[in-house]
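S.K.: Questions regarding the structure given below will be posed in turn.
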Amino acid sequence: MGSINESMEFTSPRDSDSHDTHTSSTAAGNFVQDARLLGYASVTARGMATPSRIAVYEVCWTGGCFSSDIPAALDKAVDDGVNVLSLSLGGGQSDYFRDSIAIGAFTAMEKGILVSCSAGNAGPSTASLSNVAP
């Protein structure tokens, strides 16, 4: 594919469509007092691991998520010493030995890192999964 065209791509670790912000705040969001939805309840909302720090590794671009970028980012995260990997991306099903998410997740798991992968949005039928890798 060549190099990234920085005039067309969003190369910042900041989020361009709010998906990463949403998923990372579920994992590590800070405390929010008096959180409400449609006027109901009044609770303190928080992520699962509030004292956490977030490291961002971009693997998806305008043209999609390239299989070479995924293991490169996972390897970098492992090298950086992360404790948990939350992967909110996926595509169609493929054999495990060709699935870059499955391979990278397995490698991280072997090093003691907890890996959480999304189920995906593109299963073969309504209410079905597209990422079935363990």
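S.K.: From SER68, SER42, which residue is loosely packed, with under 12 Cβ neighbours inside 10 Å, modelled with pLDDT of 85 or more and closer than 18 Å to CYS117 by Cα? Please lay out each step first, then the result.
M.R.: On the way: SER42 fails: closer than 18 Å to CYS117 by Cα.
Unique residue meeting the criteria: SER68.
S.K.: Next question, about the same structure. For residues that are assigned to a loop (DSSP other than H, G, I, E, B) and under 14 Å from the mean Cα position of the chain (by Cα), tally how many sit in segment 37-65.
M.R.: Taking segment 37-65 first, the residues assigned to a loop (DSSP other than H, G, I, E, B) are 38-39, 46-59, 62-63.
Subsequent filtering for residues that are under 14 Å from the mean Cα position of the chain (by Cα) retains 54-59.
Here the count works out to 6.
S.K.: Answer with yes or no whether ASP99 is among the acidic types (Asp, Glu), touching a residue at least 24 places away in the same chain (Cβ under 8 Å) and over 19 Å from ALA122 (Cβ atoms). Walk me through it before giving the result.
M.R.: Details: among the acidic types (Asp, Glu): yes; touching a residue at least 24 places away in the same chain (Cβ under 8 Å): yes; over 19 Å from ALA122 (Cβ atoms): no.
It is false that ASP99 is among the acidic types (Asp, Glu), touching a residue at least 24 places away in the same chain (Cβ under 8 Å) and over 19 Å from ALA122 (Cβ atoms).
S.K.: If you don't mind, there's one more thing I want to ask. Quickly run through segment 85-131 and pick out the residues that are more than 17 Å from the chain's Cα centre (by Cα) and modelled with pLDDT of 85 or more.
M.R.: GLU110, LYS111, GLY112
The values are calculated or read from the model by the stated rules, or taken from the named source; none is laboratory data. From a predicted model like this one, the values you see are computed outputs, not experimental measurements. In this analysis, Cβ positions are derived from the backbone assuming ideal geometry, glycine residues included, and neighbour counts consider all displayed protein chains.
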